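Data first, discussion second: the structure below is written as structure tokens.
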Amino acid sequence: GAVVSQHPSWVICKSGTSVKIECRSLDFQATTMFWYRQFPKQSLMLMATSNEGSKATYEQGVEKDKFLINHASLTLSTLTVTSAHPEDSSFYICSALGLLMIDEQFFGPGTRLTVL
Amino acid sequence: QQQVKQSPQSLIVQKGGIPIINCAYENTAFDYFPWYQQFPGKGPALLIAIRPDVSEKKEGRFTISFNKSAKQFSLHIMDSQPGDSATYFCAATSGSARQLTFGSGTQLTVLP
């Protein structure tokens, strides 16, 4: 099956700093990547949809200036949490939709962000 | 209208039992219904998926039953094992963007 990786798998940072999370499709080209956040014992909430070479589409209530998304290539999307605060602490998960995969999204292993 | 309602919130069964998780939706534009399994600290993994033109799909021990008229679908896990203990999410998607709408999740515990 298709593999999606995320880096780092966990990160701890101080309040006010910025953190970048990478999402890579390892063995396929992803036309669309999605970013989710998940709080403990809750469901996944879609934050944004990114298409290669174009601006991301953010869900209502998600601050685009705080959560910067770049989808520079068909295998890489990045999420930067700017000026992170403790309330941004969460599990961030990306998924990728391939060129030839009509529906199946492949999920990354997630990144645990803790902001002190 | 975009919601997918999932029940129960948690479920405990004995090994060998058949847990059933149910989901309901309102948006008739949904055209793809996957189920995901998630272990703690990991990303979701696709288990099985169905389209609305099929009433049932079976893959290994996992079966989806789909009732288009009732706008409901369910996951059955045959001969459940302790290793199946995880959180299960139903989801639905529609439109060209193929964004997933997730249910609230069901925490399944299979006792040995």
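So, R0 is 35 Å and r is the distance between the beta-carbons of A:Ser54 and B:Asn27; what FRET efficiency does that work out to, to 0.05? It would help to have the intermediate numbers written out before the result.
Working: r = 26 Å, r/R0 = 0.74.
My answer for the efficiency is 0.85.
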(request) Once you've got the GNM for chain B with C-alpha springs shorter than 10 Å, pick whichever of B:Ser69, B:Ser94, B:Ser85 has the biggest mean-square fluctuation. (result) B:Ser69
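Taking each pair of distinct Cα atoms in the protein assembly as shown once, what is the resulting Kirkwood hydrodynamic radius in Å? Mind dumping the intermediate values first?
Numbers: mean 1/r = 0.0551 Å⁻¹.
One over the average 1/r among Cα pairs gives 18.1 Å for the protein assembly as shown.
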(message) Taking the alpha-carbon distance from B:Lys15 and a cut-off under 17 Å, which aspartates and glutamates remain once sequence neighbours fewer than 8 residues away in the same chain are dropped?
(response) B:Asp79, B:Asp84
(request) With the cut-off at 22 Å, report for chain A the share of all Cα pairs above it, as a whole percent. (result) 26 percent
(request) Before anything else, pin down the relative contact order of chain B: Cα pairs under 8 Å, at least 6 apart, normalised by residue count, whole percent. (result) 37 percent
(message) Using only the alpha-carbon atoms of the stretch B:1-55 as identical scatterers, what base-10 log of I(q)/I(0) does the Debye formula give at q = 0.13, 0.15, 0.18 Å⁻¹?
(response) -0.44, -0.59, -0.83
(message) I need to check one value: relative contact order of chain A, counting alpha carbon pairs closer than 8 Å and at least 6 residues apart, in percent.
(response) 37 percent
(request) Report relative contact order for the stretch B:1-62 in percent, whole number only (criteria: Cα-Cα under 8 Å, sequence separation at least 6). (result) 25 percent
(message) Stokes-Einstein diffusion coefficient for chain B at 4 °C in a medium of 1.567 mPa s, Rh from the Kirkwood formula over Cα pairs: what value in µm²/s?
(response) 92 µm²/s
(message) Quick test of your reading: applying the under-4.7 Å Cβ rule, which cysteines of the protein assembly as shown are isolated?
(response) A:Cys13
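Readers should treat all values here as calculations from the given coordinates under stated rules, not as data from a laboratory. All of these numbers come straight from a predicted model, not from anything done at the bench. Cβ atoms come from the backbone with ideal geometry, glycine included; neighbour counts cover every protein chain shown.
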